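Here is the structure we will look at.
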Amino acid sequence: MSDKSKILVLFLVLTAVRFAWGREVPSDARLEERSRGDSLARVCSNRFLIGTAIGGPKLNESEQQLLLRQFNAVTPENCMKMEHLQRIEGRFDFAQADALVQMAVANGLMVNGHTLVWHAQCPEWFFADGNRPASRELVLKRMRNHIATVAGHFAGKIQSWDVVNEAIADGNGHLRKSKWLATIGEDFIAEAFKAARQADPKAVLCYNDYGIELPPKRDKALQLLRDLKKRGAPVDAIGIQGHWQLDRIPFKELEAAIIAFHAEGVQVMITELDVDVVMRATDSADVGARQSGGRDPFVNGLPPDIQQRLADQYARLFALFVKHQDKISRVTFWGLHDGRTWLNFWPYRRTSHPLLWDRALQPKPAFAAVIAAVREAQINPAPQHRGETRRVARPIVLNEDDKPAFPDPPVGFDRKRNGISHGKLEMVEYESKTVGTRRKMLVYTPPEYTREKKYPVLYLLHGIGGDETEWQRFASPDVLLDNLIAEQKAVPMIIVMPNGRAQKNDRAEGNVFAAAAAFATFERDLLDDVIPAIESRYSTYNARDYRAIAGLSMGGGQALNFGLGHLDVFAWVGGFSSAPNTKPPADLIPDPLALRKLKLLWLSCGNKDDLIYISQGIHVFLKERNVPHIWHVPAHGHDPTQWKQDLYYFMQQLFK
């Protein structure tokens with residue numbers, strides 16, 4: 001469900017009136033004070049992205065601060081829809097969309113494109129041929145051209161696309177009776193996805209709809225996913241919009257839908273989240289389902305009891321999202337704050353309060369409740385096996401030398417650049433004798449890779465909740481290394497991103513902590529299966545001086561355990577924010593003098609990470625024994641920003 005362009009005009013006209021009507025009822029002072037220092041994106045890092053929909057790049061200073069502090073992803077409400085980009089056939093206007101993307105990229109925000117094909121906000125010329133209805137062939141050609149032009153224009157800048165929006169019927173029948181369906185036929189959805197993949201091979205392609213968490217629409221969505229697979233359509237994700245009403249959120253059905261969709265092999269995204277506190281006549285979020293009028297009970301703000309109900313239900317939602325963080329890749333709110341929500345004008349004009357920040361951009365009790373729910377899940381994950389241990393956060397105590405060894409990377413270090421050569425990413429299968437099955441790993445080969453020369457190899461290990469795709473999702477190592485090679489700051493190397501969970505079901509599902517033993521087993525899989533597979537498939541130097549190993553969190557512990565335990569195999573070792581699976585220093589380094597064989601030993605951790613005591617202990621142990629190493633402590637937490645910057649500087653040290 002999406003906003004209409006007219007709604008934004010009305011918003012601008014009525015903004016002053018909104019503030020004159022009054023502020024929100026103040027929440028508990030202690031709750032507000034505690035919330036001000038928190039970032040939802042940071043608290044949810046290593047779980048899923050936190051996004052918001054914005055009308056465009058022109059936000060006031062306070063809104064910009066809110067956006068950049070609380071979110072790491074944005075979705076444009078309107079400026080990428082058909083009627084905005086191609087109002088007249090063949091005349092594309094990318095000005096507003098380009099400005100939004102440039103703002104996002106400059107501030108490190110992921111962009112989700114919305115939307116390539118929708119039955120609403122689509123010019124009529126798509127379906128006309130002069131005074132006659134256009135043929136299937138003509139409409140299909142126009143749709144393909146629009147997708148190729150738009151997705152191609154933003155390729156490399158936009159990480160995901162809502163390719164088709166709201167194509168499933170609410171009532172009888174499978175698909176909505178739209179002009180797309182009537183003119184092209186049921187395959188218009190598959191054709192749209194194929195065109196999007198051709199235009200942007202790296203973007204995550206999503207089908208987006210409202211109400212698909214509820215049967216029977218859920219069953220229709222599952223049928224659609226299966227049909228698209230049969231047609232060879234590249235669907236990567238499904239978006240549950242999440243336009244819910246207070247006291248009517250279908251928690252049970254939502255959980256069942258998340259599980260069912262993920263079982264079809266796609267990511268799940270919550271794409272347009274809000275919780276309407278002004279009751280409306282319909283649960284549908286169809287933009288066409290308008291009412292002629294209705295009550296406007298909360299002109300002067302929300303009563304405390306409704307604030308509390310809203311907080312409780314948002315907390316319950318996020319507890320559910322965290323429970324299924326292995327299936328959910330992004331949660332996006334449909335609006336930045338209560339003054340920027342489409343629900344102020346749909347299904348009729350009223351004063352709505354559906355988000356986590358009020359009109360004065362202050363956090364509501366719901367914000368603090370969400371933060372608390374996510375943190376509670378982090379500290380006390382629900383036990384699924386008897387004897388499971390729980391992580392308890394430690395106080396952070398910094399020493400005098402817990403400082404950055406490097407400055408912040410330059411602006412643009414992680415942006416894909418035009419005009420330079422690019423390497424190649426491929427998913428590779430190998431036979432694991434250790435596990436007794438075929439397993440996957442993601443492999444990067446540098447620009448102009450050739451079997452006529454040999455290359456060193458970096459083995460890059462993920463965290464406990466990740467898999468072979470986590471590094472690419474968090475840090476885009478291919479982009480970092482392409483840029484560094486172009487700047488002659490790093491040597492061309494192969495990067496191998498394996499799955500460190502060495503068991504037959506190696507997906508990060510359910511209680512990920514229960515798979516800790518499989519992370520230890522990976523030592524043999526790495527040495528006996530992964531490295532031989534790489535060195536037989538690619539043109540590599542097969543010697544310790546040309547092998548490096550590093551990892552984040554659990555993978556950081558693995559990298560230190562395996563790298564320092566096999567100095568005959570690796571000469572370059574790095575632990576980024578290493579987790580409690582790291583061996584104690586005396587066990588990890590029984591012979592400090594032996595470490596002098598290393599070309600590089602790297603330790604890093606953010607000074608806001610409550611796991612820093614692990615890396616600190618190793619650093620102090622090494623320092624007391626005069627063992628050379630890099631100790632890098634920037635101002636970050638246990639999050640992808642830290643790991644991306646670690647990798648950026650670590651790769652510059654390697655194989656020189």
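Some notes on this structure:
- Set 166, 137: member being charged (D, E, K, R), without any contact (Cβ under 8 Å) to a residue 40 or more places away in the chain and either farther than 30 Å from residue 473 by Cα or surrounded by 20 or more Cβ atoms within 10 Å (Cβ to Cβ) (or both): 137
- Of 440, 403, all but one fail to be in a strand (DSSP E or B) and either touching a helix residue (DSSP H, G or I) at 6+ places or on another chain (Cβ under 6 Å) or surrounded by 12 or more Cβ atoms within 10 Å (Cβ to Cβ) (or both); the exception is 440.
- Selection count, region 406-437, where residues are touching a helix residue (DSSP H, G or I) at 6+ places or on another chain (Cβ under 6 Å) and outside any loop (DSSP other than H, G, I, E, B): 3
- Pairs where the first residue, in region 276-302, is farther than 10 Å from residue 351 by Cα and the second is assigned to a loop (DSSP other than H, G, I, E, B) and among the polar types (S, T, N, Q), C-beta under 8 Å, 6+ apart: 276/352; 280/291; 281/291; 285/241; 287/2; 289/282
Okay, residues lined up against (1) in contact with a Phe, Trp or Tyr (Cβ under 6 Å, 6 or more places away or on another chain); (2) part of a loop (DSSP other than H, G, I, E, B); (3) under 28 Å from residue 262 (Cα atoms):
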| residue | (1), (2), (3) |
| --- | --- |
| 307 | no, no, no |
| 314 | no, no, yes |
| 318 | no, no, yes |
| 329 | yes, no, yes |
| 332 | no, no, yes |
| 335 | no, yes, yes |
| 346 | no, yes, no |
| 352 | no, yes, no |
| 361 | no, yes, no |
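Residues checked against (1) in contact with a strand residue (DSSP E or B) (Cβ under 7 Å, 6 or more places away or on another chain); (2) not charged (D, E, K, R):
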{"residue": "540", "(1), (2)": "yes, yes"}
{"residue": "547", "(1), (2)": "yes, no"}
{"residue": "578", "(1), (2)": "no, yes"}
{"residue": "584", "(1), (2)": "no, yes"}
{"residue": "593", "(1), (2)": "no, yes"}
{"residue": "596", "(1), (2)": "no, no"}
{"residue": "610", "(1), (2)": "no, no"}
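- Screening residue 477 on (1) under 19 Å from the mean Cα position of the chain (by Cα); (2) surrounded by fewer than 20 Cβ atoms within 10 Å (Cβ to Cβ) shows it passes everything except condition (2).
- All told, residue 589 falls short of being in contact with a Cys (Cβ under 8 Å, 6 or more places away or on another chain) and over 17 Å from residue 544 (Cβ atoms).
- Subset of region 111-134 [free of Cβ contacts under 8 Å to residues at least 24 places away in the same chain and touching a Leu at 6+ places or on another chain (Cβ under 8 Å)]: 129
- Matching residues, region 216-234, being farther than 29 Å from residue 354 by Cβ and touching a strand residue (DSSP E or B) at 6+ places or on another chain (Cβ under 8 Å): 228, 234
- Matching option when the condition is under 20 Å from residue 226 (Cα atoms), of a type in the set (Asp, Glu) and more than 25 Å from the chain's Cα centre (by Cα), among 137, 166, 191: 191
- So residue 173, is it touching a residue at least 12 places away in the same chain (Cβ under 8 Å) and in the same structural domain as residue 331 (by TED's automatic domain parsing): no
- Test: residue in region 142-158 that is within 27 Å of residue 218 (Cβ to Cβ), outside any helix (DSSP H, G or I) and not acidic (Asp, Glu): no
- A single entry from 574, 565 fulfils the requirement of being in contact (Cβ under 8 Å) with a residue 40 or more places away in the chain and under 32 Å from the mean Cα position of the chain (by Cα): 574.
- Helices (runs of 4 or more DSSP H) fully within region 32-131 counting 2 or more residues that are closer than 26 Å to residue 311 by Cβ, more than 16 Å from the chain's Cα centre (by Cα) and of a type outside the set (Ser, Thr, Tyr): 61-70
- Total residues in region 619-648, condition over 25 Å from residue 43 (Cα atoms) and assigned to a helix (DSSP H, G or I): 6
- There is no residue in region 311-325 that is over 18 Å from the mean Cα position of the chain (by Cα), surrounded by fewer than 19 Cβ atoms within 10 Å (Cβ to Cβ) and of a type in the set (Gly, Ala, Ser).
- Residues that are of a type in the set (D, E, K, R) and not in a loop (DSSP other than H, G, I, E, B) were ranked within region 224-250; the one that is nearest to residue 175 (Cα to Cα) is 227.
- Set side by side, the residues 289, 221, 281 differ, and just one is assigned to a helix (DSSP H, G or I) and of a type in the set (Gly, Ala, Ser), which is 221.
- Candidates 223, 198, 245 - the one that is surrounded by fewer than 24 Cβ atoms within 10 Å (Cβ to Cβ), under 26 Å from residue 123 (Cα atoms) and either among the polar types (S, T, N, Q) or touching a residue at least 40 places away in the same chain (Cβ under 8 Å) (or both): 198
- Positions within region 589-616 being in a loop (DSSP other than H, G, I, E, B) and small (Gly, Ala, Ser), in sequence order: 606
The values are calculated or read from the model by the stated rules, or taken from the named source; none is laboratory data. Being a predicted model, the structure only gives us computed values, none of them experimental. We place every Cβ from the backbone using ideal geometry, glycine too, and count neighbours over all the protein chains shown.
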